[in-house]
Amino acid sequence: MLQVDLRELRHGPVPISGQVPPDDPLFEGLGVALLGPVTAEGDLELAGPGGYYWHGRFHGLVRATCRRCLAEFVTGVDQPVEALFSADPELQDDPSVYPLTEPITHVDVRPALREELALGVDAFPVCREDCRGLCPRCGADLNSGPCSCEGGELAP
Ligand SMILES: [Zn+2]
Ligand SMILES: [Zn+2]
């Protein structure tokens, strides 16, 4: 459940648990190549008057392109989330707060999931820490061995 009825929150924290499919409009325009659903979990609880706090994590699989060797690879995103939702008009301009608009009957954590996913995906992924990348001269993939440029045959 990623939308929580406020009445349930009066009795204490409500578990957050749900999956959003990769082709959901929620993720449109993020430029993240999801390979499966994004799973969100944690708890939602009251945080002062008109405030609600989701703490938990989310995870999913994305297709990434190595910035060194340009190979495509699959990588996991697994991030903690701490998101504050508020109906307080004084907090509506605070970029760290997700605004709730009247009439408020539910807290929907999905806008936070979208934003945290965008932040959580590595903008400059590498397929592995020691990826050797491509030769800047001949473009050979140096992970599969040295290219013929190596060994001193430098162009003048
Ligand atoms: Zn690589
Ligand atoms: Zn080379």
Which of the residues that make up the stretch 122-156 are within 30 Å of Pro22 (Cβ to Cβ), open to solvent by less than 90 Å² (accessible area, probe 1.4 Å) and at pLDDT 90 or above? Pro125, Val126, Cys127, Cys131, Gly133, Leu134, Asp141, Asn143
Failed criterion for Pro49 (all others in (1) away from ligand 1 (no atom under 16 Å from the Cβ); (2) open to solvent by less than 60 Å² (accessible area, probe 1.4 Å) hold): (2)
Would you be able to say whether some residue in the stretch 34-43 is in contact with a strand residue (DSSP E or B) (Cβ under 8 Å, 6 or more places away or on another chain), closer than 30 Å to Asp141 by Cα and exposed (fewer than 15 other Cβ atoms within 10 Å of the Cβ)? yes
Top-ranked residue of the stretch 76-103 - restricted to ones that are buried (at least 17 other Cβ atoms within 10 Å of the Cβ) and not hydrophobic (A, V, I, L, M, F, W, C), ranked as nearest to Leu117 (Cα to Cα): Tyr98
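The values are calculated or read from the model by the stated rules, or taken from the named source; none is laboratory data. This is a predicted model, so every value here is computed, not measured. Please note: Cβ atoms are built from the backbone with ideal geometry, for glycine as well, and neighbour counts cover all protein chains shown. Surface accessibility is based on the protein's heavy atoms, side chains included, excluding ligands, DNA and RNA. Shrake-Rupley method; radii C 1.70, N 1.55, O 1.52, S 1.80 Å.
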